[in-house]
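Just below is one structure, and these are the notes that go with it.
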Amino acid sequence: MASAKTQVNKISTGVVGLDEMLYGGIPEGNQMLMAGDAGTGKTLMSFEMLYRNANINIPSTFITLEEGRKSLLENVKGAFSYFDDIDDLVDRNMITVTEQKVVEAFKSRESLQSFIVGINRIIQANSSRIVVFDSISPIRPLIDSDRTFTRAISQMIENFRNLGVTSIVNVETASPTLTEVAGLYGTYMFDGIVKLSTYKEQNSFQYLITVVKMRRSNHKNSSMPFEITPKGFNIFR
Ligand SMILES: Nc1ncnc2c1ncn2[C@@H]1O[C@H](COP(=O)(O)OP(=O)(O)OP(=O)(O)O)[C@@H](O)[C@H]1O
Ligand SMILES: [Mg+2]
């Protein structure tokens, strides 16, 4: 008898080793949190996912809050010196990089709504299937309470869900367990959580990646070490 399970379409991350951890990729339409301490690779890894997809003609949007558009592009081109077609993909809007100022946007419900409407226009203009939001961390200090912050983030995530895009939302957190992210009442709004971390090994730091949860898919449960190379991320298997 045929399996009753319906096959979910998966978005390949294109990151070496990560698709195996995710049994093929991120279920399309999932909203994923990528959490990690400062410097663990959130910006670079999420950019690589868009880059790999742009190369197979899947368009995406990278929303940068932490650094300006120019600085982000210089950063990724510097880190991934083998990716010599980044400018071309950006020029052709296969990767749309948009810098967003959030100070005003999160002051009231109305301004949040118009922020979301603005982002939607960009996402829809280039038929993006993947969206990176890098990151929600600078928003938290602009908001008075955890409750309002959680509501604003949930609203943004629900909006991505309604658009049908797969999102990767970055957050800076040092939480070892990820049962909590500072300022958020839980992470229930996310279908998936991937955690990046480091540990000290003799005189150097070793990077680790863990798939904490992924709705609609099986995934590996062990943490895997990885390296960041000029040819992209490499998760060791
Ligand atoms: N131009 C570069 N060349 C080589 N390595 C780089 C370059 N840029 C970043 N890296 C390395 O990649 C690591 C991850 O950088 P990335 O910016 O993705 O981290 P992040 O998790 O987004 O950090 P943050 O919390 O500061 O936003 C850095 O700590 C650094 O070791
Ligand atoms: Mg970053």
Filter region 101-150 for residues that are within 16 Å of ligand 2 (Cβ to nearest atom) and of a type in the set (D, E, K, R); the one that is nearest to Asn30 (Cα to Cα) is Asp134
Looking at Tyr207, is it closer than 24 Å to Phe80 by Cβ and aromatic (Phe, Trp, Tyr)?
yes
Residue count, region 185-211, condition over 14 Å from Asp19 (Cα atoms) and without any contact (Cβ under 8 Å) to a residue 40 or more places away in the chain, comes to 12
Checked Asn9, Asn93 against criteria (at negative phi and not hydrophobic (A, V, I, L, M, F, W, C)); the one match is Asn9
Of the listed residues (Lys200, Lys231, Lys220), the one being more than 17 Å from the chain's Cα centre (by Cα), farther than 25 Å from Gly14 by Cα and of a type outside the set (Gly, Ala, Ser) is Lys200
In region 151-172, residues that are farther than 23 Å from Ala38 by Cα and within 16 Å of ligand 2 (Cβ to nearest atom) total 0
When region 3-46 is checked residue by residue, the ones that are at pLDDT below 95 and acidic (Asp, Glu) are Asp37
Filtering region 95-152 down to residues that are closer than 21 Å to Thr43 by Cα, touching a Ser or Thr at 6+ places or on another chain (Cβ under 9 Å) and of a type in the set (A, V, I, L, M) yields Ile95, Val97, Ile119, Ile122, Ile123, Ile130, Val131, Val132
Subset of region 16-61, residues away from ligand 2 (no atom under 16 Å from the Cβ), among the β-branched types (Val, Ile, Thr) and either under 15 Å from the mean Cα position of the chain (by Cα) or assigned to a strand (DSSP E or B) (or both), comes to Val16, Ile26, Thr61
When region 176-210 is checked residue by residue, the ones that are farther than 18 Å from Ile139 by Cα, surrounded by 15 or more Cβ atoms within 10 Å (Cβ to Cβ) and of a type outside the set (Val, Ile, Thr) are Leu178, Asp191, Gly192, Lys195, Leu196, Ser197, Tyr207, Leu208
Picked from region 73-83 (must be in contact (Cβ under 8 Å) with a residue 60 or more places away in the chain and out of contact with any Phe, Trp or Tyr (no Cβ under 7 Å at 6 or more places or on another chain)), the residue farthest from ligand 2 (Cβ to nearest atom) is Tyr82
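Quick grid of which residues meet (1) free of Cβ contacts under 8 Å to residues at least 60 places away in the same chain; (2) within 16 Å of ligand 1 (Cβ to nearest atom); (3) of a type in the set (S, T, N, Q); (4) surrounded by 14 or more Cβ atoms within 10 Å (Cβ to Cβ):
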position: Asn9; (1), (2), (3), (4): yes, no, yes, no
position: Asn30; (1), (2), (3), (4): no, no, yes, yes
position: Asn57; (1), (2), (3), (4): yes, no, yes, no
position: Thr64; (1), (2), (3), (4): no, yes, yes, yes
position: Arg69; (1), (2), (3), (4): yes, yes, no, yes
position: Asp91; (1), (2), (3), (4): yes, no, no, no
Being of a type in the set (Lys, Arg), outside any helix (DSSP H, G or I) and farther than 20 Å from Asn30 by Cβ narrows Lys200, Lys213 down to just Lys200
Exercise. For Val132, indicate whether it is within 16 Å of ligand 1 (Cβ to nearest atom), surrounded by 13 or more Cβ atoms within 10 Å (Cβ to Cβ) and either free of Cβ contacts under 8 Å to residues at least 60 places away in the same chain or closer than 24 Å to Ile11 by Cβ (or both).
Key: yes
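The values are calculated or read from the model by the stated rules, or taken from the named source; none is laboratory data. Computed from a predicted structure; not experimentally measured. Note that we place each Cβ from the backbone using ideal geometry, even for glycine, and neighbour counts take in every protein chain shown.
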